[in-house]
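As structure tokens, the structure follows; a few thoughts come after it.
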Amino acid sequence: MKRLLLIRGAELLMFVVLLAVPLGIANPYVLGLLTLLAIYGILLIGLDVSVGYLGQVNLAQAAFLGLGAYTAGILVSRYHVGFAIACLAAFAMCLLLGALLALPALRLEGPRFALATLSFTALCTTSLNEMEWLTNGAQGLNVMRPPFFGQALGARGFYWMCMVFLAAVWLGMRNVLDSQWGRAFEALRDSPIATDAMGVGTFRYKVAGFAFGSALGGLAGALYAFNFQYLEPGTYVYALTVFLLLGVVLGGRKSLWGAFVGAALVALLPNLLSNKGLFTTLSALGFLLAAFAGVRGLMSKRTKPFQAIAPIVSTGMLVAGGFLVSNTEDWRTAIFALMLFSVVVGLPQGLMGFAAAALSKLFRIPPQPLPEPSPLESVLPARREGSNTVLLELRDLKRHFGGVKAVDGLSMKVLAG
């Protein structure tokens, strides 16, 4: 109960504060940043399905953001459909394309899967640029924000609308992760072979998870189009893909809170890079934290030398770069790479993974209890002595690991009893 109250209470408090922000702040620039935070929150929750739960480096989420944005933008600007229908169409389009991409791509593993999704992103960017008859190509596409059930949405109304979408996706995703699908996703990351052996269709769940995450990217794309009201193919390129991946890893994988923190990073980091003094200050703070954690881990012998020293070196390079370069925005890709390296090596669970462990100790929250084991007699079918019914028959079973033939031509019958 204590765990439930603290976690659900924190979620409720966060959304109450976010929904109340426009009542006290009328600055359109601040509202624009917070609106972008909500949109990126939906986008990163979808990306975390494949990166966090399926354990695959997905480099196609920026493409689905663009596809969703152009689907909604074209429907609104050329066919004058409503707000809800445009969002639903963007969701459905990316759900379908995500499934079609997953069917061949998820048969690959590791770097090959990453390259397949990266190729898809490059193909989508090129197609959006070349299909001028539909997208206006490099000239860009102007999109009018449609009314919502007859009500025009200003900056404040659209912000509330995006926050409602984020809350709905948050609640829906939490329920999915608490269901049989969520348990299957957890098992898939730990061991796909064991998951298959337990009767869970690994490939089916992977395709469904990837398609659902892609559909959330399409929904975020529709809101993105209505937020900026101008679309240009050069936005959805490799740099944005790396940026989104950085947000998921830094915020914390397999965590809704991690996706939210990562979204805040993605929304605020471009503004951070434009302020050299603020960037240098935060880099120095990161360097001090990395040095403190690294020295402490080495002294307690809980951290390997490379895991302790590498983040110190990389954050130190960020501090030095803040003093040496004249314009930090010109070094955006290098800065993202150093930040990503620091987090992956020094903080593999991300900021929220680290914070969750620290808060659990502080408030003495016990880990989530495992379900009670079922009595074996209630799980197994009743034994029938003397029956010759065949329960299982194997014919010419083979299992090869490369050149090692672990099983080769096994046939047998298992009778009841």
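The values are calculated or read from the model by the stated rules, or taken from the named source; none is laboratory data. Computed from a prediction, not measured in an experiment: that's the story for all the values here. All Cβ positions, even for glycine, are placed from backbone atoms using ideal geometry, and neighbour counts span all protein chains on display. SASA here: full protein model, heavy atoms, side chains in, ligands and nucleic acids out. Shrake-Rupley method; radii C 1.70, N 1.55, O 1.52, S 1.80 Å.
Miscellaneous remarks
- Estimated [θ] at 222 nm from DSSP helical runs (n ≥ 4, -39500 (n - 2.57)) normalised by residues in the chain, nearest 500: -23000 deg cm²/dmol
- Exposure ranking of MET144, MET317, MET163 by accessible area [1.4 Å probe, largest first]: MET144, MET317, MET163
- Violating pairs (Cα-Cα greater than 30 angstrom) within the set LYS206/LYS361; LYS206/LYS398; LYS304/LYS398; LYS254/LYS301; LYS206/LYS405; LYS301/LYS361: LYS206/LYS361; LYS304/LYS398
- Mean Cα-pair separation over length for the chain, i.e. relative contact order, pairs under 8 Å, 6 or more apart, %: 21
- Exposure ranking of ILE193, ILE45 by accessible area [1.4 Å probe, largest first]: ILE193, ILE45
- Cα gyration tensor shape of the range 2-273, rounded if a/c is under 1.5, else prolate or oblate by comparing a/b with b/c: oblate
- Per residue Cα convex hull volume in Å³ - calculated over the range 227-344: 121
- Sequence of PHE120, PHE336, PHE149 from largest to smallest accessible area, 1.4 Å probe: PHE149, PHE120, PHE336
- Mean-square fluctuations from a GNM of the chain, with a 10 angstrom spring cutoff on Cα atoms, peak among SER191, SER387, SER214 at SER387.
- Taking every protein chain into account, the 1.4 Å probe leaves LEU23 with about 130 Å² of accessible area, to the nearest ten.
- Carbon + sulfur, % of accessible area of the chain - ligands and nucleic acids excluded, 1.4 Å: 68
- Comparing ASN388, ASN275, ASN327 in a Gaussian network model of the chain, where Cα atoms under 10 Å apart are tied by springs, the biggest mean-square fluctuation is seen for ASN388.
- When peptides 88-100, 225-237, 176-188 are sorted by average Cβ neighbour count within 10 Å, with the highest value leading, the order is 88-100, 225-237, 176-188.
- Qualifying trypsin sites (Lys or Arg not before Pro) for the range 222-331 [loop in DSSP, other Cβ within 10 Å: at most 14]: LYS301, ARG302
- Cα-based shape type of the range 1-68, given that a ≥ b ≥ c are square roots of the gyration tensor eigenvalues and the cut on a/c is 1.5: oblate
- Gyration tensor (alpha-carbon) shape descriptor, the range 319-401, a/c threshold 1.5: oblate
- Share of alpha-carbon pairs per 10 Å distance bin for the range 276-362, given as whole %: 18, 46, 28, 8, 0
- Between helix 256-274 and the chain: long-axis angle, C-alpha atoms, 0 to 90°, nearest 10: 30
- For the chain, built as a Gaussian network whose Cα springs stay under 10 Å, the top-fluctuating residue of ALA220, ALA122, ALA63: ALA122
- Coil-residue chymotrypsin sites (Phe, Trp or Tyr not before Pro) of the range 1-59, DSSP, other Cβ within 10 Å capped at 16: none
- Listed by chain and number, the aspartates and glutamates placed with their C-alpha closer than 13 angstrom to that of LYS413 are GLU393, ASP396; residues fewer than eight positions away on the same chain are left out.
- Equivalent ellipsoid semi-axes, the range 1-135, via Cα gyration tensor eigenvalues times 5, rooted, Å: 31, 24, 13
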